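Right, one structure below, let's go through it.
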Amino acid sequence: MIIDYFQYFQLLSLLVAIICYRGLNACNLVLFIPLLLLTNIIELVGSNYRLLGWTHNYTMYNWYIILSTPINLYLYGQMLHIRKNEKPVYVTIAVLSMLFIILNYIFLQGPDQFNNISVVLIEILNIVFSCFVLLRLAFRGDVLVSIFREPYFWISAANLLFGLITLVLLGLQQYIRSNHIVIGKDSLYHAILPVVNIILYSCYCLAFILCRMQINRSSSSLLQ
């Protein structure tokens, strides 16, 4: 079985999420547990698809896009604290995005080709919604003191970084391949993304721990 080094950080983030379940529940982030479980299953199987006799793993990753996107959209809705007047707009964006992803899977790029157009859409949504979460955190009082203690900050900042880098790499994918741009023996795409994944899931771990610490501080305050 092949396990890439960045997958250990994905497994660690799932373990930390399970340990910090009560904190995630209090922060309305408990859906990170099924999301990370799905991520780990897909990544492990995707790395070992040849052992299963498959010719490619595109269909599996395309299904991951379909299944993970509504979970991510729900989590952004929780972090944004969507107001009543904003909810119809947000729900419309979410429904239209899912409709496009499903239509792309069925009619446009299809199940036997990696749906990179859907990934581009998802990363644009990640960038936009992460920026909105960070802006709402920034408008709170005592920004410099409290923002680094906010789980939403670390999740959104990591998602923003991941989205920007992934979007750039996907946009340059054909150029990178045609010009054989490499770092060491790996292509630029495969050299950078694992590092960005490590940063992403490390920030998730920190956010989950901060959720747990908020529960502990609340419990201590009640006892005093």
**Nearest-ten-degree value, helix 5-19 long axis tilted from longest Cα axis of the chain** = 30 degrees
**Request:** Determine ³J(HN,Hα), in whole Hz, for all residues of region 147-156 in sequence, where each value follows from phi through the Karplus function 6.51 cos²θ - 1.76 cosθ + 1.60 and θ = phi - 60°; x replaces Gly and Pro.
**Result:** 5, 6, 9, 8, x, 4, 5, 5, 5, 5
**Asked** So what are the radius of gyration and Dmax for the Cα set of region 14-96, in Å?
**Response** 15.9, 51
**Item:** Positive-end residue of I82, L37, H56, charge dipole of the chain with Cβ unit charges
**Value:** I82
**Request:** Could you grab the relative contact order for region 51-169? Cα pairs under 8 Å, six or more apart, rounded to a whole percent.
**Result:** 29 percent
**Complete:** Nearest 10, in degrees from 0 to 90: the angle of helix 188-223 to the longest Cα principal axis of the chain is 20 degrees
**Item:** Principal-axis tilt of helix 58-80 within the chain, Cα atoms, nearest 10 degrees
**Value:** 20 degrees
**Descending principal axes extents, the chain, alpha-carbon based, whole Å** = 62, 40, 31
**Prompt:** So for the chain, taking the charge dipole from beta-carbon charges (+1 Lys/Arg, -1 Asp/Glu), which of I215, F148, C131 sits furthest toward the positive end?
**Reply:** I215
**Prompt:** Nearest 20 debye, what's the magnitude of the dipole of the chain about its Cα centre given +1 on Lys and Arg Cβ and -1 on Asp and Glu Cβ?
**Reply:** 520 debye
**Prompt:** Along the positive direction of the dipole of the chain (beta-carbon charges: Lys, Arg +1; Asp, Glu -1; about the Cα centre), which of L164, L15, M98 reaches farthest?
**Reply:** L15
**Prompt:** What number, rounded to the nearest 500 deg cm²/dmol, is the helix-based mean residue ellipticity at 222 nm of the chain, given -39500 (n - 2.57) per DSSP H run of at least four residues and division by all its residues?
**Reply:** -25000 deg cm²/dmol
**Request:** Report Rg(Cα)/(2.2 N^0.38 Å) for region 1-41, keeping two decimals.
**Result:** 1.22
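Every number in this text was worked out from the coordinates using simple rules, so none of it is lab data. Everything quoted here is computed from the prediction, not taken from an experiment. Positions of Cβ are backbone-derived with ideal geometry, glycine not excepted, and every protein chain shown enters the neighbour counts.
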